[in-house]
Amino acid sequence: MKWEKALKYTRKHKRMIAVMMAGVIGFACFYSADASVIKDAKKKKNEAQQNLDNINQQINNIQSEQSKVKSQMAAYDEQLMSLLTDMELLKTDIDNKEGEIDQAKTDLAAAQEKEQQQYADMKKRIQYMYENGDDTFLDALVESEDISDLLNRVEYVSEVYSYDRELLVAYQETVQQVADLESQLEQELADMEELKQSYDQQEASLNQVINEKKAQIADFDSQLSNAKTLASQYASTIRKQNEVIAQEQARQEKARKEAEEKAKKAAKAGTKTSNSATTASTDSGTTTDSTGGSSSSNNTASTDDSDNSSSGSSSTGLTNNGLNPSYSTGVSGSSVVSYATNFVGNPYVFGGNSLTEGTDCSGFVSLVYSHFGVSLPRSSYALQSSGQAVSYENAQPGDIICYPGHVAIYMGGGRIVHASTPSSGICYGNATYRTITMVRRVL
């Protein structure tokens, strides 16, 4: 009996010890996993901060370089320097656009070849089904109006093999890809037309200024050579600023896609998981801004109040996130955008002064703002000195986006409305489709 009691006692304690050990191990695993998550979060936070510090240092270096060159440019005629800078930027934009057009043509040709091959495979499959007496799919094919209608019809045909549907889906995707690439190539060609148009106009203005200066200044050829060198250096700093803008946009787009993917995964996990995630997010007190790190970078970027006045300031202010001047009129930027979009589709006419019958880029901007009682110059060069400088990150609807020899009205969300070219007329576009020289706030 003693032996039996001892055995029971030993077994009981062994079970208790086992339960306790399991609990300790489980807690250790949980703690280890939790510690790993915290460590990973801290690492990502440090990397993000380091990246932000690097960007801000890059911005400060560019602005310092730009201010130094700008101070040297002050010794020369301002319009001459502006035109020389625009020409440098336009040359680069045209070279880049030529590369984009070549790539678009290559991509389109590859997609068209793929479409033709898939179409040939479809024909073979249809021939096979016809020869084997399978009329169900053929009826759907004959009766359908387009590829989308065909896909909807075969959804209800049980006799259709998954292989056939995969062929159809792949073909439909390729047809859409070809259409998208054709549209992209068409837009690239329109952009090139606008760039060449701006180049020709700026070149004509530059030659006129040069001829005037040659008649006034004895050693102008020597001065022109020095001016070209400075303009090239200044243009380089503007390109660097646009690269920073492009990097930030890419980061924001990546964050947006990651947020979308995370939301999709949460939705798939079910309501329970979604509720848990919401609770955890609320408890942690953290939020994610998918539009980028503007709230952080605003505190660290260099600020220079002298940039607020005109294009003659020490730098363009493009990446100076401290530049966000208050509004001096009671006009809403959204109202300006809403009014401007009424004329989308109307013609582009160089020198024209009608929003309905036709106007050019500066005429479009000037006429739209005049509707709200805001008087603006009638040239893209003069508009670069209007109002106050704004960083691109702080650009709001109703601000003016300036390019070499071109201007547009910012709509918000990275979009613009502008009088583009004779073939495009007044249309919408992406704000960063070409090099931005500055952003101006005139409201």
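The values are calculated or read from the model by the stated rules, or taken from the named source; none is laboratory data. Predicted model only: the values in this text are computed from it and were never measured. Cβ atoms come from the backbone with ideal geometry, glycine included; neighbour counts cover every protein chain shown.
Can you name the helices (runs of 4 or more DSSP H) wholly within the stretch 319-390 that have at least 1 residues being in contact with a Ser or Thr (Cβ under 7 Å, 6 or more places away or on another chain) and crowded, with 19+ Cβ neighbours inside 10 Å? Walk me through it before giving the result.
Working: elements: 333-340, 361-370, 380-383.
Hits in the stretch 319-390: 361-370, 380-383.
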(request) Would you check if there is a residue in the stretch 116-127 being modelled with pLDDT under 80, outside any helix (DSSP H, G or I) and farther than 22 Å from Asp200 by Cβ? (result) no
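Quick grid of which residues meet (1) under 30 Å from Ser420 (Cβ atoms); (2) touching a residue at least 60 places away in the same chain (Cβ under 8 Å):
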residue: Gln201; (1), (2): yes, yes
residue: Leu230; (1), (2): no, yes
residue: Lys240; (1), (2): yes, yes
residue: Glu253; (1), (2): yes, no
(message) Given the criteria at pLDDT 75 or above, assigned to a helix (DSSP H, G or I) and either of a type in the set (A, V, I, L, M, F, W, C) or closer than 30 Å to Ser225 by Cα (or both), does Leu138 qualify?
(response) no
(message) Any residue in the stretch 351-366 that is farther than 21 Å from Val442 by Cβ sitting within a Cβ distance under 6 Å of a residue that is assigned to a strand (DSSP E or B) and not acidic (Asp, Glu)? List the pairs, counting only those 6 or more apart or interchain.
(response) Gly352/Gly358; Gly352/Thr359
(message) Testing Ala204 on (1) in a helix (DSSP H, G or I); (2) farther than 21 Å from Lys91 by Cβ, one condition comes back false. Which one is that?
(response) (2)
(message) Condition check: modelled with pLDDT under 95 and crowded, with 22+ Cβ neighbours inside 10 Å. Does Val407 satisfy that?
(response) no
(request) Quickly run through the stretch 425-443 and pick out the residues that are touching a residue at least 60 places away in the same chain (Cβ under 8 Å), within 20 Å of Gly99 (Cα to Cα) and of a type in the set (S, T, N, Q). (result) Thr432, Thr435
(request) Residues being without any contact (Cβ under 8 Å) to a residue 60 or more places away in the chain and touching a helix residue (DSSP H, G or I) at 6+ places or on another chain (Cβ under 9 Å): count how many of those fall in the stretch 203-218. (result) 2
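Search the stretch 404-443 for residues being in a strand (DSSP E or B) and over 23 Å from Gly358 (Cβ atoms), and hand back the single one that is nearest to the chain's Cα centre (by Cα). Spell out the reasoning first.
As a first pass, look at the stretch 404-443 and keep what is in a strand (DSSP E or B): 406-412, 415-419, 426-430, 438-441.
Retained after the next criterion (residues that are over 23 Å from Gly358 (Cβ atoms)): 412, 430, 438-441.
Details: Gly412: 11, Asn430: 7, Met438: 17, Val439: 16, Arg440: 19, Arg441: 21 Å.
Restricting to residues being in a strand (DSSP E or B) and over 23 Å from Gly358 (Cβ atoms), the top hit is Asn430.
Among Glu248, Glu186, Glu261, which is at negative phi, of a type outside the set (Lys, Arg) and surrounded by 16 or more Cβ atoms within 10 Å (Cβ to Cβ)?
Values: Glu186 fails: surrounded by 16 or more Cβ atoms within 10 Å (Cβ to Cβ); Glu261 fails: surrounded by 16 or more Cβ atoms within 10 Å (Cβ to Cβ).
Only one candidate qualifies: Glu248.
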(message) Take the conditions over 21 Å from Gln247 (Cβ atoms) and touching a Phe, Trp or Tyr at 6+ places or on another chain (Cβ under 8 Å) and apply them to Thr421. Does it pass?
(response) yes
